[in-house]
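For reference, the structure discussed in these notes is given below.
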Amino acid sequence: MMNPSDLIKEYYRPGSRVYEIVLTHARKVSRRALEAAQQAACLNPDPVFPDLVFIEEAAMLHDIAMFMTDMPKLGCYGMHPYICHGILGRRLLEEKGLKRHALVCERHIGTGIRAEDIRSQGLPLPVRDMVPLSLEEEIIAYADKFFSKDPKYIFREHRAEDIIRKMAQYGPDKAETFRLWHKKFGKQQNTAEK
Ligand SMILES: [Fe+2]
């Protein structure tokens, strides 16, 4: 049985600032993803059964490669552009034999990055679709959008409206994808919708 926290410790020194950031963020996303999975299971017209063990593990590991990127604000002094943390994480987890978790790393950025986005924006990524496909991948990418890694805001959960507004900056299709996820995984169904 794999322990995600042990794996994080292989790459981040406990007690370091970046370790605290990665672990805190991972736990937040993991907890939020499990809530979202519960919503998906209860509220969908057709019963769905997300793999909760996988969701918890993969959510803990989705940003594992952050340290390889150049993001001093978050205590990361690697050589790669930040947007590469997804594909780098995939490589890293594949080397550990965690193929399914590896795909979550690659596919969790924003609501997913399309080959077309990579081409048209000249992103420093291989040109292929990196979009959540499975229910579990969608749930983790969804949960991730609620949390920043900026230490100032790391404990704050963003509001869905604000996330939608932010996603819209990357294109109306991105905002729409998040809106659809929020319908499937969001908490709003429990209360009267405004
Ligand atoms: Fe994240």
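The values are calculated or read from the model by the stated rules, or taken from the named source; none is laboratory data. These numbers come from a predicted model, not from an experiment. Methodologically, a virtual Cβ is constructed for each residue, glycine included, from the backbone with ideal geometry; neighbour enumeration extends over all protein chains shown.
Within the option set Ile118, Ile164, being more than 18 Å from Pro4 (Cβ to Cβ), more than 16 Å from the ligand (Cβ to nearest atom), touching a Phe, Trp or Tyr at 6+ places or on another chain (Cβ under 7 Å) and at pLDDT 95 or above holds for one residue only, Ile164.
Taking the range 65-133 as the region of interest, the helices (runs of 4 or more DSSP H) fully inside it that hold 1 or more residues being under 17 Å from the mean Cα position of the chain (by Cα) are 85-95, 99-107.
Scan the range 143-163 for residues that are part of a helix (DSSP H, G or I) and either acidic (Asp, Glu) or exposed (fewer than 12 other Cβ atoms within 10 Å of the Cβ) (or both) and the total you get is 3. In the condition set (1) surrounded by fewer than 20 Cβ atoms within 10 Å (Cβ to Cβ); (2) part of a helix (DSSP H, G or I); (3) at pLDDT 95 or above; (4) out of contact with any Asp or Glu (no Cβ under 6 Å at 6 or more places or on another chain), Ile140 is compliant with all but (1). If you go through the range 93-111 and keep only what is within 13 Å of the ligand (Cβ to nearest atom) and in contact with a His (Cβ under 7 Å, 6 or more places away or on another chain), you end up with Val104, Cys105, His108. Hey, among the residues in the range 14-30 that are part of a helix (DSSP H, G or I) and more than 13 Å from the ligand (Cβ to nearest atom), which one's farthest from Glu57 (Cα to Cα)? For the range 14-30, the residue satisfying everything is Arg17. For the structure I just gave you, tell me whether Ala40 is buried (at least 21 other Cβ atoms within 10 Å of the Cβ) and farther than 21 Å from Leu92 by Cα. For Ala40, the condition - buried (at least 21 other Cβ atoms within 10 Å of the Cβ) and farther than 21 Å from Leu92 by Cα - is met.
Against the condition touching a residue at least 40 places away in the same chain (Cβ under 8 Å), farther than 20 Å from Val127 by Cα, out of contact with any strand residue (DSSP E or B) (no Cβ under 8 Å at 6 or more places or on another chain) and within 14 Å of the ligand (Cβ to nearest atom), how does Leu61 come out, does it pass?
Numbers: touching a residue at least 40 places away in the same chain (Cβ under 8 Å): yes; farther than 20 Å from Val127 by Cα: yes; out of contact with any strand residue (DSSP E or B) (no Cβ under 8 Å at 6 or more places or on another chain): yes; within 14 Å of the ligand (Cβ to nearest atom): yes.
Considered against the rule, which asks whether it is touching a residue at least 40 places away in the same chain (Cβ under 8 Å), farther than 20 Å from Val127 by Cα, out of contact with any strand residue (DSSP E or B) (no Cβ under 8 Å at 6 or more places or on another chain) and within 14 Å of the ligand (Cβ to nearest atom), Leu61 comes out as yes.
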